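The values are calculated or read from the model by the stated rules, or taken from the named source; none is laboratory data. Fair warning: this is a prediction, and the values are worked out from it, not measured in the lab. Don't worry about glycine lacking a Cβ; one is built from the backbone with ideal geometry, like all the others, and counts go over all protein chains shown.
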Amino acid sequence: MMQFTGICSMRICRSALSPWMHSPLPTTCCAMPQVPSPTVRPNPTRSLKRTRRSPPIRSRSRMAIFELCPWIRYSTDDAQGGHSTAFFYIAPIIRSATEALMTASGMSSTDIRRIASADMLELPEHAVVIADRSLPQTILSRVPDAILVEAGERLKSLDVIEGLALEVLQRRSSRPMTLVALGGGSIGDAVGFLASILWRGVGLWHVPTTLLAMVDSAHGGKTAVNLGPAKNQLGSFYPAEKVIIVDEFLRPLPLALRREGIVELLKALWLGDAESTRALGTRSIEELTYAPYAEIATQLGNMIDAAVAIKQRIVAADPKEERGIRTTLNLGHTLGHALELTMGLSHGSAVAWGMLTSLHFAAREGMPESDIRRCRETLFPLLQPLSVLPGREVLLGAMQRDKKRHDGQLRSVILHALGEAVVHTEISAESWIDVFHAEWQNFQNARVRVRSATPRAVSLTLEASKSELNRALIIAAQRIGRTTIGGRSSADDVTCMLRALRQLGYPIEETSRGYLVDNLERDVRTSPSDEGVTLHVCEGGTTLRFLLALCAARATRHKIFVAPALMRRPHDPLLRSLRSGGASIEEFDDPSGQGFIVRGWRQMPDAMSIDPRESSQYASAIALLAVGADQPFTLRLLGEPVSETYLEMTLAMLEDAGVETIRHGDLIALNQSERLRDKLTMEIEVDASSRAVWSVARFLGHPVVPGRKVRIPRQPDSAVDKYLATLREAERGEVSMDLGDVPDLLPVLAVAAAMQRNTVTFTGIAHLRNKESNRLDEYAETLRSVGLSVDVLSDGMRVFPLTALQPDQYFRTHGDHRLVMAGALLSFAANTPLLLDHPWSVGKSYPAFWEDVRTAGWSVEQVSRV
Ligand SMILES: NC(=O)c1ccc[n+]([C@@H]2O[C@H](COP(=O)([O-])OP(=O)(O)OC[C@H]3O[C@@H](n4cnc5c(N)ncnc54)[C@H](O)[C@@H]3O)[C@@H](O)[C@H]2O)c1
């Protein structure tokens, strides 16, 4: 078996074959060729820079190398603008091999520069710059007069490229010409492609602005455009003459895009050698991914150097992907592509899961256990929780498509050791899927250790309210005409609602700011899907109740599958009311699952009654039907609604949409107005429940800024400040507060209460006993298990001041997302690490919780194996 161990070469060839790669690659498994380790090791303390114009270098041995290899040009400037460590470890054997390569191919080369910042980029006189129009002005202002284009996959199409070519030719109609791509990978791919075909090839420079482009797509000469829906089907090998990496451009990069780049960066380090992972330095991947840019700039710069050098080395050994060596750059991609395709995951997230899964096969091939453990640990902060997986057949289909591209063989890149990647063809798609499922299960069951390491005064950007969004989606689905919804959420409840409404045939599109629903009359009244649809509502209580009512108002049959825990929750008052309105609703429980079969009424009744004492959602679910009703409609409340404010939210949103609501005692009259058919825009507020968690953190002394304020306080949890003000009184004496409107705040407020000097009593929350489980008892049990002193009362809980909290205690969350958040807050408040189970249950209401926790300075480690 041949191996390829790490060394850095700084200049690559347009086309070249290595003289040390004459032997044919094995058919079942091809490996990278062995190159002895470099004899010169980095000396991070030594300042070193080399370009054609650079001052003489100090090291004699290095000087000798440069004299021998004057084509080596790679320079870095550190953040202070001075010259610092460069990657110049040229083992003699690499040098002679690469010299031979160059001679053999008469190639040109890529000159790579990394600079800290630049007021204005130095570009050739004959440059035509093509830039991403969405780049921050601070970046666009560094180039003169660029052609601005929309970045993304749409750019990578032949018709857009044609238009772009015409625009370029208007700017410059004769040689010499150099196209400069300023932007992320999509800009690089498209501009590179254009440069390769314009006049059969013009000059090309890349100025990458995303981390992914800096460490990956700008190097290696692959250009690509899409063909219909199929990605990267047309392209060429066309390395840039120059790549300029400007550190400063990473400052405004959103966190999600930084994480995408870190995945590719980590992949390159794994492909390097055991030493390459040292480029990680003292900062963890968690910090590099989530800390503010200024904190990690220097370290990130070093890692970019290392990753670029590794990629260059691999590309130089197999520039046109003919020898299987370059295939190793696809580490994590075999499964990753299938996940990207079937789950809509971002490329980086999908590849991270692919890399994790590949470690199982790496262990089988003898990769040392300690390295596997380290790789798992570094990958952990990059893994995006996946609440549901695609079916096995769906994943298999996607992997088979990949297989078709390679003579019917699935090519799997597996590490045998760090720096020793081997392409296997004997691993089946089925094995990948089995291992992935096992890894996912491990991840789901893992506990995390939470510790508030360096509290940061960051300002968080939170998603839109899921309560408001679910109501807005049900309103928009029933309206005739165009409804624009401003605000998005990736919470499980909203995802589940969106999927179900689309299955019912409602045309809901995603936009950059939210959702767009444009219904024709027939979409609403006689949807083609009305013949009967099967829906899955997972664990979403709101989703189930709203959909039960919506299906009752559609004249056909619907089968709704419901998760067992949700099935156990009380729904009887709603079912009784819908049945008395004329809908047929039967429960089913068979080997296929549990749920309801609903056959809707022919004509909506003009009056209904509902008992809202267990949940105001029952009343909201029926009131929302007024949007699609043909006539005015009256709803009678048979008792005081619990969490009344949620019903008020529903009525206020109905008013905004054009349904007049008049409430008189227990009667609510709902009349459709002319406005119901106008174009409607519904702006959704930030999620007040997510914001409340950070308000409590701030109350407890964390410097975080908990996102944008809620302007219209429709969400009950937006009143958190009022409760915190009462809590503050507990410094002076015992306090009591009624949480009847905000029962979900109990866990985080209980943590805040335990930090006060006096006892705090919470009342009005007896109904927490009627949820999927007896939440009141569960919350008390968890808080007591880590040493908090609490009493359960007939309608609430009393919390006594915390005396001491031992580190690393197990905070049992029962899979309740509110307890997970409370546990993280407690670890901060008591400045003590805690172990939490079911950490990913937060996906139900606040999927970005752990990202925000890490951004705010907590450290989150896996405790059991991921
Ligand atoms: N050629 C290759 O070898 C190769 C390798 C990997 C990926 N790719 C391609 O790269 C593309 C993905 O790359 P990408 O994520 O860089 O995509 P991108 O170009 O679509 O950029 C993503 C987003 O980042 C924004 N952005 C860019 N720089 C920014 C900055 N400094 N600050 C704030 N926002 C910024 C852009 O406006 C855009 O919205 C895909 O098309 C993929 O196929 C190519």
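Selection of the range 609-637 for residues being charged (D, E, K, R) and not in a strand (DSSP E or B) yields Asp611, Arg613, Glu614, Asp630. Could you please find all residues in the range 188-206 being within 10 Å of the ligand (Cβ to nearest atom) and farther than 20 Å from Gln312 by Cα? Ala190 - this is the single residue of the range 188-206 that is within 10 Å of the ligand (Cβ to nearest atom) and farther than 20 Å from Gln312 by Cα.
Residue under question is Phe800, and the condition is that it be over 35 Å from the mean Cα position of the chain (by Cα) and assigned by TED's automatic domain parsing to the domain that holds Val735; does it hold?
Numbers: over 35 Å from the mean Cα position of the chain (by Cα): yes; assigned by TED's automatic domain parsing to the domain that holds Val735: yes.
Yes; evaluated as a whole, the condition is true for this residue.
Contact map, the range 630-655: residues that are within 14 Å of Ser467 (Cα to Cα) paired with residues that are part of a loop (DSSP other than H, G, I, E, B), Cβ distance under 6 Å, separation 6+ or inter-chain. Pairs shown: Ser643/Asp741; Thr645/Asp741; Leu647/Pro641; Met649/Arg714; Ala652/Arg714. Taking the conditions (1) more than 8 Å from the ligand (Cβ to nearest atom); (2) in contact with a helix residue (DSSP H, G or I) (Cβ under 9 Å, 6 or more places away or on another chain); (3) farther than 21 Å from Arg251 by Cα; (4) part of a loop (DSSP other than H, G, I, E, B) in turn, Arg142 satisfies each one other than (3). Any residue at all in the range 382-395 that is touching a residue at least 60 places away in the same chain (Cβ under 8 Å), closer than 18 Å to Ser428 by Cα, in the same structural domain as Glu275 (by TED's automatic domain parsing) and in a loop (DSSP other than H, G, I, E, B)? Checking the range 382-395: not a single residue is touching a residue at least 60 places away in the same chain (Cβ under 8 Å), closer than 18 Å to Ser428 by Cα, in the same structural domain as Glu275 (by TED's automatic domain parsing) and in a loop (DSSP other than H, G, I, E, B). Checking Leu550, Leu566, Leu574, Leu544 one by one, the residue that is touching a helix residue (DSSP H, G or I) at 6+ places or on another chain (Cβ under 8 Å), modelled with pLDDT of 85 or more, in a helix (DSSP H, G or I) and surrounded by fewer than 20 Cβ atoms within 10 Å (Cβ to Cβ) is Leu566 and no other. The set of residues from the range 145-187 being part of a loop (DSSP other than H, G, I, E, B) and away from the ligand (no atom under 12 Å from the Cβ) comprises Asp145, Ala146, Arg172, Ser173, Ser174, Arg175, Pro176, Met177.
Looking at Glu683, Glu648, Glu655 in this structure, which one is closer than 18 Å to Leu473 by Cβ and under 34 Å from the mean Cα position of the chain (by Cα)? Can you show your working first?
On the way: Glu648 fails: closer than 18 Å to Leu473 by Cβ; Glu655 fails: under 34 Å from the mean Cα position of the chain (by Cα).
Within the list Glu683, Glu648, Glu655, the selection yields Glu683.
What residue, of Val710, Val696, Val704, is under 23 Å from Arg513 (Cβ atoms) and outside the structural domain of Ala621 (by TED's automatic domain parsing)? None of the other options fit; the residue is Val710.
Is it fair to say Gly764 is touching an Asp or Glu at 6+ places or on another chain (Cβ under 8 Å) and on the phi > 0 side of the Ramachandran plot?
Details: touching an Asp or Glu at 6+ places or on another chain (Cβ under 8 Å): yes; on the phi > 0 side of the Ramachandran plot: yes.
Yes, satisfied.
Selection over the range 850-866 of residues that are surrounded by fewer than 22 Cβ atoms within 10 Å (Cβ to Cβ) and of a type in the set (A, V, I, L, M, F, W, C) gives a count of 3. Number of residues in the range 207-236 that are more than 10 Å from the ligand (Cβ to nearest atom) and touching a strand residue (DSSP E or B) at 6+ places or on another chain (Cβ under 7 Å) equals 5.
How many residues does the range 256-288 hold that are of a type in the set (Val, Ile, Thr) and either within 15 Å of the ligand (Cβ to nearest atom) or farther than 22 Å from His219 by Cβ (or both)? Can you show your working first?
Going through the range 256-288, the residues of a type in the set (Val, Ile, Thr) turn out to be 262-263, 277, 282, 285.
Filter once more, keeping what is either within 15 Å of the ligand (Cβ to nearest atom) or farther than 22 Å from His219 by Cβ (or both): 262-263, 282.
So the answer is 3.
All told, Gly203 meets the bar of being modelled with pLDDT of 95 or more, in contact with a His (Cβ under 9 Å, 6 or more places away or on another chain) and surrounded by fewer than 23 Cβ atoms within 10 Å (Cβ to Cβ). Among the criteria (1) surrounded by fewer than 20 Cβ atoms within 10 Å (Cβ to Cβ); (2) in contact with a strand residue (DSSP E or B) (Cβ under 6 Å, 6 or more places away or on another chain); (3) of a type in the set (Val, Ile, Thr), the one Val450 does not fulfil is (1). Taken over the range 121-139, residues that are among the hydrophobic types (A, V, I, L, M, F, W, C) and in a helix (DSSP H, G or I) amount to 1.
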